[in-house]
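Participant: I am attaching a structure below and will ask some questions about it afterwards.
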Amino acid sequence: MSEAKKLFIKTYGCQMNVYDSERMVEALGVDGYVTTEVVEDADMVLINTCHIREKASEKLFSDLGRLKPLKVARPDLKIGVAGCVAQAEGAEILRRMPLVDLVVGPQSYHRLPAMARAAGQGAQAIDTDFPAEDKFDHLPQRKAQRGPAAFLTVQEGCDKFCAFCVVPYTRGAEVSRPVSRLLAEARDLVGRGVREVTLLGQNVNAYHHVDDAGTWGLARLLREMAQIDGLVRLRYMTSHPNDMEDDLIAAHGDLPALAPYLHLPVQSGSDRILRAMNRKHTAAQYLALVARVRAARPDILLTSDFIVGFPGETEADFEATLALIRAVNFGMAYSFKYSARPGTPAAEKPEVDPAVADARLQRLQALLTAQQRAAQEAMVGREVSVLYEKKGRLPGQMVGKSDHLHAVHVTDPQGAVGDLVRVRITAASSNSLAGEPLAL
Ligand code: 5AD
Ligand code: SF4
């Protein structure tokens, strides 16, 4: 038997890229590739890219620069670029970087194995089409064992056109995958040891599908998934406030498998900026939504995304964002300095002084970090469920995630990966919690 070919894959960006990378690894696995952590050993290097901010995009070119000596030494090394930079700048990548053998956009991953087979024979290949077929249907899967928590992409693309965002251009219009396929994939995952599934989509709560069983939104999909034997925990991300329908909010109250966790990006607390961002909701509407979600599930942990320094943001606008953060009290949040993306409406507008934006980002992050710490401290003494994902560094220790997505270290010599255990939280540190299993 010939020796296995080695694949080095690097993934940037969101969880959807993580999911896509897993599927690409499985598909290339059918062709005999196994993954390696050592880039020098690789027969193929695949970089799955993110285009959301300039910094994320630039990483591709510095990675490719570092690969140059490897490619010179071993011209048969195959180098591929996938993801949103591939989609947005594919031709430019090939022109600037002759060492790249193939460029494949997020909607064309089912064509990757064939492209990989043909690669390395001198000609560069590119596929950044938006084909009509579902790429996931045509991506072969290797039936490997896997960890207890998995991602499952149910929806891709976005129709919202926030003024700063490239996603509607790189990932295209909203497309939802059929319920039957998703249920089959979820059952397959459970058969391979998965107990928690996070449903993913750029705008996941806009999930919409019609089949013989009628119309499906995200709430109905979650309820159906919760029926799968062995699937004990569900999450979903990322959601737009305007698509939080009543039945989805209700599911947070009455669907036990649905974790008390919601990522609900708001971006800004200033109505003026929200309007300029084309978010189509106000700060007050967001706060009212948060109140309804909390009424359905009082212990829910809310997380969000923020952009500071959006064009035109004044000190008063920024103060309004801080006020919204204080009013909501987030369990965690991601925050970013605005980055102008070519082709988006906001990129035409004059930018805020970068030093001012930096200073605002620091103030915002200080507030968010304080809220995150407080949320972690507040868990001490409480009972939570922890899904063990791996063994800890200390003997008898297990590490997993709580319902609220906190990392928890549990002293539990009897514990095994995949167990869902009731745990009392005994301590909080900056990045994780510690706990002990409750006696049954
Ligand atoms: N600049 C900065 N942050 C951005 N995001 C999206 N586009 C930009 C941009 N141009 C952030 C938003 C979004 C998250 C995924 O990335 O906060 O919710
Ligand atoms: Fe981008 Fe807005 Fe769509 Fe989110 S909702 S992907 S921020 S356009």
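Participant: Quick test for you: out of 297, 326, pick the one residue that is in contact with a Gly (Cβ under 6 Å, 6 or more places away or on another chain) and under 25 Å from residue 374 (Cβ atoms).
Facilitator: Testing whether each residue is in contact with a Gly (Cβ under 6 Å, 6 or more places away or on another chain) and under 25 Å from residue 374 (Cβ atoms) leaves just 297.
Participant: Further question on the same structure: If we scan region 260-274, do we find a residue that is within 16 Å of ligand 1 (Cβ to nearest atom), open to solvent by less than 30 Å² (accessible area, probe 1.4 Å), of a type in the set (S, T, N, Q) and within 24 Å of residue 154 (Cα to Cα)?
Facilitator: Yes, some residue in region 260-274 is within 16 Å of ligand 1 (Cβ to nearest atom), open to solvent by less than 30 Å² (accessible area, probe 1.4 Å), of a type in the set (S, T, N, Q) and within 24 Å of residue 154 (Cα to Cα).
Participant: Of all residues being outside any loop (DSSP other than H, G, I, E, B) and within 16 Å of ligand 2 (Cβ to nearest atom) in region 163-197, which is surrounded by the most Cβ atoms within 10 Å (Cβ to Cβ)? Just the residue, please.
Facilitator: Here the answer is 170.
Participant: Another question about this same structure. Would you point out which residue out of 352, 410, 328, 356 is β-branched (Val, Ile, Thr) and outside the structural domain of residue 294 (by TED's automatic domain parsing)?
Facilitator: 410
Participant: So is residue 316 away from ligand 1 (no atom under 16 Å from the Cβ), in the same structural domain as residue 248 (by TED's automatic domain parsing) and in a helix (DSSP H, G or I) or not?
Facilitator: yes
Participant: A further question follows. Just checking, which of 390, 337 is charged (D, E, K, R), touching a helix residue (DSSP H, G or I) at 6+ places or on another chain (Cβ under 6 Å) and open to solvent by 20 Å² or more (accessible area, probe 1.4 Å)?
Facilitator: Being charged (D, E, K, R), touching a helix residue (DSSP H, G or I) at 6+ places or on another chain (Cβ under 6 Å) and open to solvent by 20 Å² or more (accessible area, probe 1.4 Å) holds for just one of 390, 337, which is 337.
Participant: Shifting gears a bit: If you go through region 57-64 one residue at a time, do you hit one that is among the basic types (Lys, Arg) and at pLDDT 95 or above?
Facilitator: No, because not a single residue in region 57-64 is among the basic types (Lys, Arg) and at pLDDT 95 or above.
Participant: Would you confirm whether any residue within region 120-130 is under 29 Å from residue 341 (Cβ atoms), under 24 Å from the mean Cα position of the chain (by Cα) and assigned to a helix (DSSP H, G or I)?
Facilitator: Checked against the condition, which is being under 29 Å from residue 341 (Cβ atoms), under 24 Å from the mean Cα position of the chain (by Cα) and assigned to a helix (DSSP H, G or I), region 120-130 yields no hits at all.
Participant: Sticking with this structure for a sec: Is it fair to say residue 111 is closer than 30 Å to residue 74 by Cβ, buried (at least 18 other Cβ atoms within 10 Å of the Cβ) and modelled with pLDDT under 95?
Facilitator: yes
Participant: So residue 203 fits all but one of (1) within 16 Å of ligand 2 (Cβ to nearest atom); (2) more than 30 Å from residue 227 (Cβ to Cβ); what number is the exception?
Facilitator: Evaluating residue 203 over (1) within 16 Å of ligand 2 (Cβ to nearest atom); (2) more than 30 Å from residue 227 (Cβ to Cβ) leaves (2) as the failure.
Participant: Does at least one position in region 36-48 carry a residue that is closer than 29 Å to residue 347 by Cα and either open to solvent by less than 60 Å² (accessible area, probe 1.4 Å) or in the same structural domain as residue 200 (by TED's automatic domain parsing) (or both)?
Facilitator: Checked against the condition, which is being closer than 29 Å to residue 347 by Cα and either open to solvent by less than 60 Å² (accessible area, probe 1.4 Å) or in the same structural domain as residue 200 (by TED's automatic domain parsing) (or both), region 36-48 yields at least one hit.
Participant: Hey, can you tell me all the residues within region 65-94 that are in a strand (DSSP E or B) and of a type outside the set (Gly, Ala, Ser)?
Facilitator: Matches in region 65-94: 78, 79, 81.
Participant: Checking residue 152 against (1) without any contact (Cβ under 8 Å) to a residue 60 or more places away in the chain; (2) not in a loop (DSSP other than H, G, I, E, B), only one condition comes out false. Which one?
Facilitator: Among (1) without any contact (Cβ under 8 Å) to a residue 60 or more places away in the chain; (2) not in a loop (DSSP other than H, G, I, E, B), the lone unmet condition for residue 152 is (1).
Participant: Moving to a separate point now. Can you tell me which residue in region 232-251 is farthest from ligand 1 (Cβ to nearest atom), limited to those that are open to solvent by 10 Å² or more (accessible area, probe 1.4 Å), over 11 Å from residue 205 (Cβ atoms) and hydrophobic (A, V, I, L, M, F, W, C)?
Facilitator: Here the answer is 232.
Participant: Let me ask something else. Among 410, 423, 399, which is under 28 Å from residue 335 (Cα atoms), open to solvent by less than 30 Å² (accessible area, probe 1.4 Å) and either among the charged types (D, E, K, R) or not in a helix (DSSP H, G or I) (or both)?
Facilitator: 399
The values are calculated or read from the model by the stated rules, or taken from the named source; none is laboratory data. Remember, it's a predicted structure, so these values are computed and weren't measured experimentally. We place every Cβ from the backbone using ideal geometry, glycine too, and count neighbours over all the protein chains shown. For the accessible areas, the whole protein counts, side chains as well, though only heavy atoms, and no ligand, DNA or RNA atoms are used. Shrake-Rupley method; radii C 1.70, N 1.55, O 1.52, S 1.80 Å.
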